[in-house]
Amino acid sequence: MNDTVDVVDVRRGDKHRVEEFVEIGDYDVQQIANSIWKAYPEANNYIREVAKYIQLKYSYPMIHNRPSTDSKLLRFHKSLFSWFYNKYVPYMWSLPHETILFKCGVCIDTALLCTSLLRAKGIDAWTCLGEVRETSTRNILGYHAWTIAYYKGEFWLIETTIHRDGINTMVTTAKAYDIASKFSIDGNIYYVEHSKFNELNCFGSTELGTSGMIFNLLDKPAEFTRAYSLGTHDTISRKEWHKRWAKGDIKIHQKIDYAFWVNNHD
């Protein structure tokens, strides 16, 4: 257990242990898990179908070409235009049952849902926080979240945000974390894990710096990069991205192609 990353303030001011964000006992989570398991009652197929379910059913929220991460809670109607409780936050994690309700979520939200669905069927899984880096330069492309599942002696990375069209992005961590692997070279990206957690525990790494900082950097506008579907594997400047966006050449949806990363500088 690592207390430096265990307690986080990523809601509306109320603090939570990260373990609380993996909801294996939630009714909606269990209903979905049971439905998928009924059709695919074997761990390997179940893991793949959970990844496919999230890929097809959940979108990535965008506003003004940037991830929509804010939240506003209005509680207790006071008058026609006012409320007794009105709280706005620019950045918030969704709990898995909320992601199911909203049918959308940023990287941490869909990763938490994926981890919850896997854990609900007894599969060893964790939500991971870390970085995606460009293989050719080793530069940070962005802070990110994904799910790790342990099956038949191997750890599998499940990418719940960035997908090739029609393909579940699942790869062993031995390949995803290795800058010299064929996966990392072909896609020109590799993953760096800082910390991981499920409903039981949280593990943090100090080797790469304070992993707790990533809790506050995921999907924020200050993030180094964004993933978009460009129809090419080129890395382009923000100025060029906006030009293509204006022409309608860029479409943003949950099936974001896995190596399409846009630099955040002109």
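Nothing in this text is a laboratory measurement; each read-out follows from the coordinates by a stated rule. If you're wondering where the values come from, they're calculated on a predicted model, not measured in any experiment. Please note: Cβ atoms are built from the backbone with ideal geometry, for glycine as well, and neighbour counts cover all protein chains shown.
The H on the amide N of Ser71, modeled in the peptide plane, is under 5 Å from the matching H of Val89, Tyr91, each at least 5 residues off or on a different chain.
Taking packing as the residue-averaged number of other Cβ atoms within 10 angstrom, the listed peptides 176-189, 119-132 run from highest to lowest as 119-132, 176-189.
Highest mean first, how do 69-79, 10-20 rank when packing is the count of other Cβ atoms within 10 Å averaged over residues?
Averaged packing, sorted descending, gives the order 10-20, 69-79.
Among the listed pairs Lys57/Lys152; Lys15/Lys121; Lys38/Lys87, those with a Cα-Cα distance over 30 Å are Lys38/Lys87.
Once you list every other residue whose beta carbon is under 13 Å from the beta carbon of Leu73, what net charge do they have if Lys and Arg are +1 and Asp and Glu are -1? Spell out each step's value before the answer.
Details: positive: Arg11, Arg12, Lys72, Arg75, Lys87; negative: Asp14, Asp70, Glu98.
Net charge around Leu73: +2.
If we count every other residue with Cβ under 14 angstrom of Gln31's Cβ, Lys/Arg +1 and Asp/Glu -1, where does the sum land? So the surrounding residues net to 0.
Evaluating 6.51 cos²θ - 1.76 cosθ + 1.60 at θ = phi - 60° for every residue in the stretch 50-67, the Karplus couplings come out as 5, 4, 5, 4, 5, 4, 8, 9, 10, 9, 9, x, 10, 8, 6, 6, 10, x Hz, glycine and proline recorded as x.
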